[in-house]
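Right, one structure below, let's go through it.
The values are calculated or read from the model by the stated rules, or taken from the named source; none is laboratory data. Keep in mind it's a predicted model, so treat the numbers as computed, not measured. Here the Cβ positions follow ideal geometry from the backbone for every residue, glycine too, while neighbour counts run over all protein chains shown.
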């Protein structure tokens with residue numbers, strides 16, 4: 001793995017590609033039950049906006065930042081913003097199904 005792996009993500013393959021959110025890890029951590037599941041639900045929505053849209057990641061991050069973010073989504077977005085900063089290699093690309 002030669003790039004950053006976002007929090008809550010699953011990486012698979014050689015070369016490694018992002019395959020999605022680690023739903024089992026999210027459930028085991030108790031995150032899925034916090035705030036009636038609102039934090040996990042927003043995390044899934046933000047992930048979809050970032051990785052399932054046709055937008056460039058930097059543009060998708062700007063779009064996501066327009067909404068109030070709960071802690072897990074804030075952690076993910078902040079990580080990705082730091083990952084795409086100048087001098088960084090950036091996050092792993094998402095795998096295509």
Worksheet item: For residue 48, are the conditions met, namely being exposed (fewer than 12 other Cβ atoms within 10 Å of the Cβ) and not in a loop (DSSP other than H, G, I, E, B)?
Response: no
Worksheet item: exposed (fewer than 13 other Cβ atoms within 10 Å of the Cβ), out of contact with any strand residue (DSSP E or B) (no Cβ under 9 Å at 6 or more places or on another chain) and modelled with pLDDT under 95 - does that describe any residue in region 61-84?
Response: no
Worksheet item: All but one of (1) in contact with a strand residue (DSSP E or B) (Cβ under 9 Å, 6 or more places away or on another chain); (2) modelled with pLDDT under 90 hold for residue 43; which doesn't?
Response: (2)
Worksheet, complete the sentence: Within region 22-45, the count of residues that are part of a loop (DSSP other than H, G, I, E, B) and either touching a helix residue (DSSP H, G or I) at 6+ places or on another chain (Cβ under 8 Å) or on the phi > 0 side of the Ramachandran plot (or both) comes to 1
Worksheet entry | Residue list for region 69-96, restricted to those being without any contact (Cβ under 8 Å) to a residue 40 or more places away in the chain and within 18 Å of residue 8 (Cβ to Cβ) | 69, 70, 71, 73, 74, 77, 78, 81, 82, 84
Practice prompt. Kindly indicate whether residue 51 is closer than 20 Å to residue 81 by Cα and at pLDDT 95 or above.
Written response: no
Worksheet item: Given the structure, is residue 66 part of a loop (DSSP other than H, G, I, E, B) and touching a residue at least 40 places away in the same chain (Cβ under 8 Å)?
Response: no
